[in-house]
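Below is one structure; the comments refer to it alone.
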Amino acid sequence: MSQPTYGPHNPHPLSQMRTELVWEGKYDEYGQRREVDIAGCAMPLQKIESIDEPRREAEAKKQLSLFEAENKRQDDFRNRLIWGDNKLVMASLFREFKGKVDLIYIDPPFDVGADFSMQVQIGEESEQIEKDQSTLEMVAYRDIWGKGADSYLHMMSERFILIKEMVNPEGSVYIHCDARMLHYLKSVADDVFGRDCFMCQIVWKRMQSGRKAKSNKWLSVDDVILFYRMSGSKYEPQYQPYSEEYKKRFTQKDERGLYYWDNIGTYSQERLHQLISEDRVRFPDNPNAKPRIKNYLHEGKGVVIDNIWTDIAPVNSQAIEDTLYATQKPEALLERIIQASSNEGDLVMDAFCGSGTTGAVAERLGRRWLMCDLGRFAIHTSRKRMIELQRKLHSESKPYRAFDVYNLGRYERQWWQKDRLQGADEEHRRVILEFFKAEALTNAPSPLLHGRKAGAFCHVDGIDSIFTREEAKQVAQATALAGGRECYCLAWEFEMDLHLLVNALAQELGVKLKLVQIPREIMEKNRKAPPPFLEVAVLAAEPVYRKSPHPLTPSPKRGEGEQDPAPLSRSGRGAGGEGKTVDIKLTQFLPSLAEVPAKELEAIKERAIKSGFDFIDFWAVDFNWQPGKPFTHDWQDYRTRKDRSLKTVSDAGYIYPKPGQYTACVKVVDTFGCDTSITVEVEV
């Protein structure tokens, strides 16, 4: 067949193509633009923690009415901190918040090849160790995008589509990036939001010039923030203080002692008469000279800030706001953005929240907030930062909002199983065993034994299951009947307080069960290298009973010396039936060390066995915990960068409503962001 003749009567297909950025995954096999399956990604969010620390402290001491009188909340809205893939999180928030977010700021990872390992502090001194990069959120996203620009742009385009649906029709979107992905991201953002919504490109000079550096190129000292605004016009100009040179213009003083400078202005007669009535006109002595208009120094707001920001320094290592988080942005940067594009009471969202700077600034400025992140260390850093801010605002008698911590829990795993594993339980076990580097058993001696590794059996719990005491007994019995001495129990979640049972089973059956947490990182798309599989942390605690103080007696302040009082009795009941208060004492902690680099693991293990408490970064108590209910922060203590001390006995002085048996829950978060919980039985 002869080749077709192209020309005006038969244009070549390439001649009619529009300018656009195309990446793998933008279009399907039929040439149709891929849509985000919002309904398919939506799932119930699970509230796992409820945090209103100052209020809970007052409630525990029966001072709630006094507290409410002195510390009014701004409203009943509870802010949200959510752990999970932001694509799934935003889809899950869609029904409640579609079109209701007034400002969205994102600082997505934009260096696809960098080593994001970081230093974290342990113990009470200034000692630091390296945190492995394998499960930091930047690396997690790097694995999602497959270490390539195509999958990165596909990942970001899906997030932009969801952001467009979440943002208020009059809202704004700020996208933080650098030169490496800037032009690609702008093309994608223009494609999703519309080029007409692009307002400007903000250049933030994040480093100072003049540093001594050997380089074969110009020194890069800037980040870029793309500013999009939807159909509305919500924007409040920001100002810098006048320079001293500018202030020198204001040399004249009126009869009130106010400084001004004047100039010749051209005004209508009506406007001129108004200015005269306001005493804003000076008539020169020369009758032929034109009237001059007074410009008062105190009335000026300052110099309008343009899109080149050179006055905001990066987070200083000695600054109070520094959290040691590798990509933390300064609060001044977010303060400028939030003040420019939102009002008090507006809703602000950050879908890559990192260290929680957006939420911290939004809370301080009276905005509501939603934050989410894929990294557990980011969620822990943000949670601790927001609790510290709650305490600060409370101490200053300023209003604040409570917040809750959510995750997608088993629903995220269900989505992963359906989307990636074709819904098969067998495929789920195969993937887990493969990442664990264990051999799958084809002719297993028991349905509870699924693999072998180094002479030990392996049990892989169901994707929707919690590994329970009863299941532990059954697995131990199956292992013993099969002639085994050891079994790895791989599970997504474990029932609390399993270690005592595991020790008892070892004595009874001669079978050692190793409880190993399945890392959520295996759900990352394109994940090849196995993430760390390490045994769950060991935690033990006990109640401490004291005679009840006067109900208005405050607890010791943070940093004061603590004592380990002798308990009244094992039941907490003393002679005469006087009231008792309860606290919790930590007695043992052995961290899981899930994110310690392999090269440091042996040395850190030895340190952890000797001084496990050095690895506790945060711990909290829910004194009246109810199974199936979110963990409520009745009390907590934590290390900060400046204050490395940590209480090992709570000072809540908790008062139960009436005598009886209660269950307290203790949550500990280690310095790597991994958490573990146990229950403690209390009798009063």
Seminar exercise, completed: Here the gain from full extension of GLU396 to GLU426, 0.36 nm per residue of separation minus their alpha-carbon distance, amounts to 5.2 nm
For this session: Would you mind giving the three semi-axes, in whole Å and largest first, of the ellipsoid equivalent to the range 369-445 according to its Cα gyration tensor?
Result: 43, 14, 9
For this session: Pull up all non-local amide H partners of SER50: gap of 5 or more, or a different chain, and H-to-H distance under 5 Å with H placed in the peptide plane.
Result: VAL405, PHE631, THR632, HIS633
Exercise. Mind listing the phi-derived Karplus ³J(HN,Hα) values for the range 316-323, rounded to whole Hz, using 6.51, -1.76 and 1.60 with θ = phi - 60°, and x for any glycine or proline?
Worked result: 6, 5, 9, 6, 4, 6, 5, 10
Problem set entry | Spin-label model distance (nm) - GLU299 vs LYS610, 7 Å beyond Cα toward Cβ | 7.2 nm
Exercise. Lysine pairs in the range 182-281 with alpha-carbon atoms under 28 Å apart, 8 or more places apart or on different chains: how many are there?
Worked result: 7
Problem set entry | Probe 1.4 Å, accessible area per residue of the range 641-684, Å² | 35 Å²
Exercise. Between TYR235 and LEU275, how many nm apart are label points set 7 Å from Cα along the C-beta direction?
Worked result: 2.8 nm
For this session: Within the range 597-684, list the trypsin sites (Lys or Arg not before Pro) lying in a DSSP loop whose Cβ has at most 13 other Cβ atoms in a 10 Å radius.
Result: LYS642
Exercise. Taking the alpha-carbon centroid of each part, what is the distance from the range 247-286 to the range 422-457 in angstrom?
Worked result: 86 Å
Problem set entry | Three-way shape call for the range 298-342 based on the alpha-carbon gyration tensor, with the a/c threshold at 1.5 | prolate
Problem set entry | Rounded to whole Hz, the Karplus (6.51, -1.76, 1.60) HN-Hα couplings of the range 343-356, x for glycine and proline | 10, 4, x, 5, 9, 10, 10, 10, 8, 10, 6, x, 7, x
For this session: Compute the convex hull volume of the Cα atoms of the range 368-411, divide it by the residue count, and report the result per residue in Å³ as a whole number.
Result: 72 Å³
Problem set entry | Rg/Rg_globular for the range 172-325, with Rg_globular taken as 2.2 N^0.38 Å and Rg from C-alpha atoms | 1.56
For this session: With a Förster radius of 41 Å, plug the Cβ-Cβ distance of ALA313 and LEU258 into 1/(1 + (r/R0)^6) and report the FRET value to the nearest 0.05.
Result: 0.75
Exercise. Over 23 Å between Cα atoms, which of LYS547/LYS610; LYS26/LYS525; LYS47/LYS87; LYS585/LYS610 qualify?
Worked result: LYS547/LYS610
For this session: Measure up LYS647/LYS667; LYS437/LYS528; LYS642/LYS667; LYS629/LYS667; LYS98/LYS398; LYS100/LYS398 against 20 Å on the Cα-Cα distance and list the ones that go over.
Result: LYS642/LYS667; LYS98/LYS398; LYS100/LYS398
Exercise. What does the highest-first list of 498-504, 519-525 look like by mean Cβ count within 10 Å?
Worked result: 519-525, 498-504
Exercise. What accessible area per residue comes out for the range 350-431, rounded to a whole number of Å², with a 1.4 Å probe?
Worked result: 32 Å²
Exercise. How high is the relative contact order of the range 454-547, in percent, with contacts defined as C-alpha pairs under 8 Å that are six or more residues apart?
Worked result: 26 percent
Problem set entry | Cross-link reach list, lysines versus LYS605, counting only Cα pairs under 16 Å and skipping chain neighbours closer than eight places | LYS131
For this session: Determine the shape class of the range 390-527: with a ≥ b ≥ c the square roots of the Cα gyration tensor eigenvalues, call it rounded for a/c under 1.5, and otherwise prolate if a/b is greater than b/c, oblate otherwise.
Result: oblate
Problem set entry | Loop trypsin sites (Lys or Arg not before Pro), the range 172-272, which have at most 16 other Cβ atoms in a 10 Å radius of their Cβ (DSSP) | ARG180, ARG211, LYS212, LYS214, LYS217, LYS248, ARG249, ARG256
For this session: Measure of size requested: the Rg and Dmax of the range 492-540, with Cα atoms as the atom set and Å as the unit; please supply both.
Result: 14.0, 43
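The values are calculated or read from the model by the stated rules, or taken from the named source; none is laboratory data. As the structure is a prediction and not an experimental result, all values here were calculated from the model. Positions of Cβ are backbone-derived with ideal geometry, glycine not excepted, and every protein chain shown enters the neighbour counts. Surface areas here come from the heavy atoms of the whole protein model, side chains and all, with no ligands, DNA or RNA. Shrake-Rupley method; radii C 1.70, N 1.55, O 1.52, S 1.80 Å.
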